[in-house]
Structures are given as structure tokens and as C-alpha cells.
């Protein structure tokens, strides 16, 4: 994948403007809206974030997830079967900190989030939504030379995490029904020549939320089931066109219950995507680069460590970013590393711990730090 330098990218969600947030909230609440007007506003928003990513110097860019209420809950609008009761889950790490728990629960984006359970067969409802996403991004990115495109999609496992099962006889049956339902979205993105990013917080955050009562061994078994579903859903897509993002949850909690990366990394390698994005900048996971001192990178795999935090308004120094990139380059080889962000900046519409303008400043220093590192390794 060598480009003679370290390429830069991010995880997906980028800030929305206030008027678009208001439209998204209204749509989630079922208020009457003019679909054409909403679509026109989304198109304008995508054009804006594509231009801003380009100006910041990011190489592999996307639509900022401007058309979606969140990285995972948009699935209820594209698949049939979600008409059950609302679902909620507990973050084990915040239970001992009621102030933090209340602040997270009070987040505007979470208040408007809709997660009805599955109470009917999973089938594709909207065959065109993903095609509109593809067309909007393609049109916007064609105005900017030298940029590569990616689009994100929820994994079967994270969809099952957000939308409880009230229909299928087993969680396994439900998971594989989701895999078949999501296949259309995945293959439509890949068919357009765009890199498909599968978002998989279930592989890490699931440990202290949905599966918090399981032993580590039992959680690993569930991980493998989720990975098998992901692999089945992407079976027709070349591995080089796939990347996956795994994280421990993009919320401002203590995260002291996060499963260590070293306890699950061997299973992560079994997923088909060739590039793995993961948290590597925040205070809970920045130390985990050291595990690559103890084991080699599997053939054909590429790392996209987060070298920028997504919950802090501190703007990283470019030299720190260069150092973080260098740590991984020294351990797995310069050609096997891209520079990324820990997670999305606004994973739910109206959420986000970083000021809107600071997001763009952080992406600009990401590009600057990558240039510094590239000058040292090429």
C-alpha cells in the first residue's frame, strides 16, 4: 500500500451544522418534512465536509456520515424488521460514577436516538439510500483531485448490540439474518469502487456493555460469531477494499472496564478486512502499541492507529503525531501504517466532545504530523 509517505484518514462521523442537526432530530421524531429539502441539505453538507477534509490535507475521505442519524442506528431506516420496543444498554464503567452517567445520558444526540428492537424478519427496505450516499460522495469528491473515498457501514454485530432481538429464536440466527440484510449495503459501496469501512464497536465495547456478564472466554466466543457474520456478509468483496474500525466506545467515560486489546487482537486478525482501525491516542489505550513488540503483523494486514483523540479539545502537536506514527512504523514497517483518529467526532447527530471548529484543526495537524513522519521514513 506504499504511497511513498504515510496516508491520513479518519473514522467517519464529522460535525453537522445546526440546521442539519435540527432536521435530523425532526426526522427521528417522525415530524413531517420535505424529503427533497432534506436531501438537498445533506448534499450541501457532504460537499462542505469533503472540501474541508481536502483543505485539511486528509488523503482518504468520506461524506462525514451527514445523511445518517448515527453510525449504527441508521440501519432501522434501511432494513425491515425494527418495530419493537426501545433498547438500551449499560456502560459498566460509568456505574460507579453517577455524575458521569447522568452527563452521558443527558447528551442531546443520545436523547434523540431511536433503537427499536427487531420484531419481524430482517429484509432490505430501502434499496436506494446507499446509492444516494455513493452518488453524493462521488460527485463531491470528483471536484478534488488526489483524494480516495471511503464509506462506513454498521457491522452485523454492532447492529445487534443497538437493536435487541425479539423475533428470532436465537441470537445467532438474528446475527446472520442481519449479515444477509446488510450485504446489499456493503456490496453497493464496493461496487462503486469505494473502500468499505465496517464499524465494529461490538468487538471491544461489547465487552463492557451487551456482554458485560460474560467471562473473557465467553466474550471471545461471541466475538468469533460476530466476525464470522461479518466475513459472511463481505464474502464477495476483495479484502483490499475492506477496512474495519473497532473501538471501546466513543463516550466521555472512565473506560477502566475496557477489555485489553492484547486479549482480543488474535481474533481481530481473523476478520476479512485488510486494514484495522483502532484507538491508540487516548489515555486508556495509547500504551498498547507495545503489544506489537511481542508479535508480528499478519501478512496482508495494515494498521490505522488513532493518533488523534476525538474526545479532547486539545489540538495535538504535529511532533506528537509524528512520534505516534513512528512507533507503529518501527514495529510493523512504514508501508503497513496509515494515520487515523481514535473514533468518529460526532457518532450520533448532536453529540460530540470536540468543538466543531477544533475538529478541522485537529485533522489539519494530523496531516502535518504525517508529513513530518513521512520525511523521516522516506
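Out of 96, 105, report the one residue that is surrounded by fewer than 14 Cβ atoms within 10 Å (Cβ to Cβ), within 22 Å of the chain's Cα centre (by Cα) and farther than 17 Å from residue 247 by Cβ. Steps first, please.
Values: 96 fails: within 22 Å of the chain's Cα centre (by Cα).
The conditions single out 105.
For residues that are in contact with a helix residue (DSSP H, G or I) (Cβ under 9 Å, 6 or more places away or on another chain) and part of a loop (DSSP other than H, G, I, E, B), scanning just the stretch 195-221, find the one that is nearest to residue 265 (Cα to Cα).
For the stretch 195-221, the residue satisfying everything is 204.
Return a yes/no flag: does the stretch 339-357 have any residue that is out of contact with any helix residue (DSSP H, G or I) (no Cβ under 9 Å at 6 or more places or on another chain) and outside any loop (DSSP other than H, G, I, E, B).
yes
Tally time: how many residues in the stretch 162-180 are farther than 13 Å from residue 79 by Cβ and buried (at least 23 other Cβ atoms within 10 Å of the Cβ)? Walk me through how you get there before you give the answer.
In the first step, residues of the stretch 162-180 are kept if they are farther than 13 Å from residue 79 by Cβ; the result is 164-166, 168-173, 175-176.
Checking the rest, the ones that are also buried (at least 23 other Cβ atoms within 10 Å of the Cβ) come to 175.
The total comes to 1.
For residue 367, state whether it is more than 26 Å from residue 203 (Cα to Cα) and touching a strand residue (DSSP E or B) at 6+ places or on another chain (Cβ under 8 Å). Even if it seems obvious, please write down each step before you answer.
On the way: more than 26 Å from residue 203 (Cα to Cα): yes; touching a strand residue (DSSP E or B) at 6+ places or on another chain (Cβ under 8 Å): yes.
In short, yes.
Which residue out of 236, 226, 231 is assigned to a helix (DSSP H, G or I) and surrounded by fewer than 20 Cβ atoms within 10 Å (Cβ to Cβ)? Can you show your working first?
Working: 236 fails: assigned to a helix (DSSP H, G or I); 226 fails: surrounded by fewer than 20 Cβ atoms within 10 Å (Cβ to Cβ).
Residue meeting the stated conditions: 231.
When you go through 50, 42 one by one, which is the residue that is touching a helix residue (DSSP H, G or I) at 6+ places or on another chain (Cβ under 9 Å), buried (at least 18 other Cβ atoms within 10 Å of the Cβ) and farther than 30 Å from residue 372 by Cβ? Give the derivation first.
Working: 50 fails: farther than 30 Å from residue 372 by Cβ.
Testing whether each residue is touching a helix residue (DSSP H, G or I) at 6+ places or on another chain (Cβ under 9 Å), buried (at least 18 other Cβ atoms within 10 Å of the Cβ) and farther than 30 Å from residue 372 by Cβ leaves just 42.
Might you let me know whether the stretch 310-332 holds any residue that is in a loop (DSSP other than H, G, I, E, B) and closer than 23 Å to residue 198 by Cα?
Of the residues in the stretch 310-332, the ones in a loop (DSSP other than H, G, I, E, B) are 310-317.
Within this subset, residues satisfying the condition of being closer than 23 Å to residue 198 by Cα are 310-311.
The answer is yes; a qualifying residue exists.
Just give me the residues in the stretch 293-311 being at pLDDT 95 or above, closer than 19 Å to residue 281 by Cβ and touching a helix residue (DSSP H, G or I) at 6+ places or on another chain (Cβ under 9 Å), in sequence order.
302, 303, 305, 306, 307, 308, 309, 310
Hey, can you tell me all the residues within the stretch 240-264 that are within 18 Å of residue 223 (Cα to Cα) and buried (at least 17 other Cβ atoms within 10 Å of the Cβ)? If you could, list the steps in order and put the result at the bottom.
Start the filter on the stretch 240-264 by keeping residues that are within 18 Å of residue 223 (Cα to Cα), which leaves 243-249, 257-264.
Within the stretch 240-264, 243, 244, 245, 246, 247, 248, 249, 257, 258, 259, 261, 264 meet the criteria.
Do we have any residue at all in the stretch 329-339 that's crowded, with 19+ Cβ neighbours inside 10 Å and farther than 24 Å from residue 377 by Cα?
Looking for residues that are crowded, with 19+ Cβ neighbours inside 10 Å and farther than 24 Å from residue 377 by Cα, one finds none in the stretch 329-339, hence no.
Being touching a helix residue (DSSP H, G or I) at 6+ places or on another chain (Cβ under 8 Å) and more than 22 Å from residue 223 (Cβ to Cβ) narrows it down to one of 122, 104, so name that one. It would help to see each step written out before you state the result.
Details: 122 fails: more than 22 Å from residue 223 (Cβ to Cβ).
After ruling out the rest, the residue left standing is 104.
Tell me, which residue of the stretch 181-195 that is surrounded by fewer than 23 Cβ atoms within 10 Å (Cβ to Cβ) and free of Cβ contacts under 8 Å to residues at least 60 places away in the same chain is farthest from residue 83 (Cα to Cα)?
So the residue we want is 193.
Select the helices (runs of 4 or more DSSP H) contained entirely in the stretch 128-194, then report the ones holding at least 2 residues which are closer than 21 Å to residue 348 by Cβ and within 16 Å of the chain's Cα centre (by Cα). Even if it seems obvious, please write down each step before you answer.
Details: elements: 129-141, 156-162, 171-191.
Passing ranges, in order: 156-162, 171-191.
Tell me which residues, restricted to the stretch 9-22, are assigned to a helix (DSSP H, G or I) and buried (at least 17 other Cβ atoms within 10 Å of the Cβ). Step through it out loud before you land on a result.
Within the stretch 9-22, the subset assigned to a helix (DSSP H, G or I) is 18-22.
The answer is 20, 21.
The values are calculated or read from the model by the stated rules, or taken from the named source; none is laboratory data. Since the structure is predicted, the reported quantities are computational estimates derived from the model, not experimental observations. Please note: Cβ atoms are built from the backbone with ideal geometry, for glycine as well, and neighbour counts cover all protein chains shown.
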